[in-house]
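Below you'll find the structure, written out as structure tokens, and then a few comments.
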Amino acid sequence: MPVHDALVNGERIMRICNACRYCEGYCAVFPAMERRLQFTPGDLNYLANLCHNCGECHYACQYSPPHEFDVNVPRSFAEIRAQTYRQYAWPAPLAAMFERNGLAVSVVLVLALVLAMVAAALILGRTLVAAPPDPSGAFYRFMPPAVMAALFGGVSLFVALALAMGFVRFWRDMGESFADFTRPAALWSAAKDVLRLEYLDGKGAGCTYPGEERSQARRWFHHLTFYGFALCFAATVAGTIYHYALGSKAPYGYLSLPVVLGTLGGIGLLIGPAGLLWLRLRSDPATGDAGQFGMDAAFIVLLLATSLTGLALLALRHTSVCGLALVVHLAVVMALFLTLPYGKFVHGIYRSGALVRYALEKSRPATNVGFD
Ligand code: SF4
Ligand code: SF4
């Protein structure tokens, strides 16, 4: 749907909801809506990213199709959210390329990175396959640590910059000042909501996703994914400290801190994304935007591939295919990182920002006094 049409439809629906207000207890969107009489594009982008697409308001709505008012908040907000991913992305052309063909772009990117690394290894005279098993399983015979650090350091810096640029654009679009973003009370409130997935809990009853029946499945699969990712990141940090501060070279023992953190994180990243994909495939098409499936699936599949190839590398590190397993794992991780600013991952960033703004708004007196 064109940007203008999605915003016009979103504004129309918010005006109906603001008169009805039946759903005000369901999530943060409706209290935030009730503070407004007008809905600018920035307001709609904020509300759309505050929505976590549970569908509950749609199932409860007396004005949903076939009613002539045609109210469908989750679908309208899903369409607006997709546009915000493109609108805030930096550099924008990469977002446009990823938006409709996310899965295909991811697969091509992984294959291209594997080929590039194999070619680099051949040029440098390093044997990836059929090399004699190394008792120490030393990874650095395949790729020097300086090359690995430079590659991932460069990619991480680019991704951090792209995500920061996207967030700055989102925050500006909402009309908030950057001084307000640093208010500890608002940051703490949003951090609690994010870390506990407060709104997916539904006050203990769970959320209406993937269908009308409530369940905690989405919340638990999200937790496994989020904390699995965090543990894998912690494993990388621990490995860096071992290498540079303690002078200890990878690979590390099965009971060492980097391997224990990485294994636990890998298991979380296996079960969590697999569960989210299963829920996504069963999700109610009435509440979503079918055009976003490729982008959603790309992120989940890359997460799954990261954990699968990481655990495979752990199992194969003393075999003759260790080098190839390492190259495939590094290519998948790099593809995941490179696509983070252009796919579903950014919803986590913008939703967190929207929750900070929601906390800020709750601390301010309401300015609206009735309907226009
Ligand atoms: S979604 Fe429907 S029931 Fe809920 S507030 Fe809007 S119009 Fe009312
Ligand atoms: S779909 Fe769920 S999160 Fe989104 S507005 Fe409706 S009730 Fe709130």
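May I have the extent of the alpha carbons of the chain along their three principal axes, as whole Å values ordered from largest to smallest?
Rounded to whole Å, the extents work out to 76, 42, 40 Å.
Tell me the mean residue ellipticity at 222 nm calculated for the chain from its helices only (DSSP H runs of n ≥ 4, each -39500 (n - 2.57), averaged over every residue, nearest 500).
-22000 deg cm²/dmol
Can you tell me the FRET efficiency between residue 352 and residue 8 if r is taken as the Cβ-Cβ distance and R0 is 22 Å, rounded to the nearest 0.05?
0.20
Where does region 56-134 land on Rg/Rh, using Cα atoms and the Kirkwood Rh?
Result: Rg/Rh = 1.36.
If the elastic network links every pair of Cα atoms under 10 Å, which of 290, 164, 245 fluctuates the most in the Gaussian network model of the chain?
Maximum among the listed residues: 245.
Using a Cα-Cα cut-off of under 19 Å, which lysines could be cross-linked to residue 362, ignoring same-chain neighbours fewer than 8 residues away?
192
Which of the helices in the chain, when you take each full DSSP H run, stretch at least 30 Å along the axis at their Cα atoms and have an average Kyte-Doolittle score of 1.6 or higher?
On the way: long enough: 92-123 (35 Å, 2.02); 145-173 (41 Å, 1.41); 217-240 (34 Å, 0.58); 257-282 (38 Å, 1.43); 293-316 (33 Å, 2.05).
Length and hydropathy pass: 92-123, 293-316.
Treat region 36-101 as a sphere of radius equal to its Kirkwood radius over Cα pairs and apply Stokes-Einstein at 37 °C in a medium of 0.692 mPa s; give the translational diffusion coefficient in µm²/s, rounded to a whole number.
D = 246 µm²/s.
With only Lys, Arg, Asp and Glu charged, each at its Cβ (+1 for the first two, -1 for the last two), find how big the charge dipole of the chain is about the Cα centre; round to the nearest 20 debye.
Details: 29 positive and 24 negative charges, 178 e Å.
Rounded to the nearest 20 debye, it is 860 debye.
Which value results for Rg/Rh of region 269-372 when Rg is the Cα radius of gyration and Rh the Kirkwood radius based on the inverse mean 1/r?
Ratio value, two decimals: 1.19.
Taking region 64-186 on its own, what percent of its Cα-Cα pair distances exceed 18 Å?
For region 64-186, the share of Cα pairs beyond 18 Å comes to 73 percent.
Would you kindly give the portion of the calculated P(r) for region 83-122 that falls above 15 Å, as a percent of all Cα pairs?
Considering region 83-122, 53 percent of its Cα-Cα pairs are separated by more than 15 Å.
Say the dipole of region 1-128 comes from +1 at the beta carbon of Lys and Arg and -1 at that of Asp and Glu; which of 115, 7, 71 then lies farthest toward its positive end?
Final value for the positive-end residue is 115.
Using 0.36 nm per residue, how much length does the chain from residue 183 to residue 40 gain when fully extended, once their Cα-Cα distance is taken away?
Separation in residues times 0.36 nm, less the Cα-Cα distance, equals 49.0 nm.
Quick one, can you get me the convex hull of the C-alpha atoms of region 172-327 expressed as volume per residue in Å³? Don't jump to the answer; show the numbers that get you there.
Numbers: hull volume 29.0 nm³, N = 156.
Dividing the Cα hull volume of region 172-327 by its residues yields 186 Å³.
Would you calculate the volume per residue, in Å³, of the smallest convex hull containing every Cα atom of region 145-240?
Once divided by residue count, the hull of region 145-240 is 161 Å³.
Evaluate the relative contact order of the chain (contact order divided by residue number), counting alpha-carbon pairs under 8 angstrom at least 6 apart; express in whole percent.
28 percent.
Which order do peptides 26-32, 318-324, 63-69 fall in by mean Cβ count within 10 Å, highest first?
Averaged packing, sorted descending, gives the order 26-32, 318-324, 63-69.
Quick one: compute a quarter of the convex hull surface over the Cα atoms of region 1-70 and quote it in nm².
In nm², the orientation-averaged hull projection of region 1-70 is 4.7.
Students sometimes get this wrong: rank 196, 75 by accessible area, probe 1.4 Å, all chains present, largest first.
Accessible-area ranking of 196, 75, largest first: 196, 75.
For residue 240 and residue 215, what does the FRET efficiency come to when R0 = 45 Å and r is the distance between their Cβ atoms, rounded to the nearest 0.05?
For residue 240 and residue 215, the calculated efficiency is 0.70.
The values are calculated or read from the model by the stated rules, or taken from the named source; none is laboratory data. These figures come from a predicted structure and were not determined experimentally. Quick reminder, even Gly has a Cβ in these numbers, built from the backbone with ideal geometry, and neighbours come from all protein chains shown. These accessible areas exclude ligands, DNA and RNA; they are computed on the full protein's heavy atoms, side chains included. Shrake-Rupley method; radii C 1.70, N 1.55, O 1.52, S 1.80 Å.
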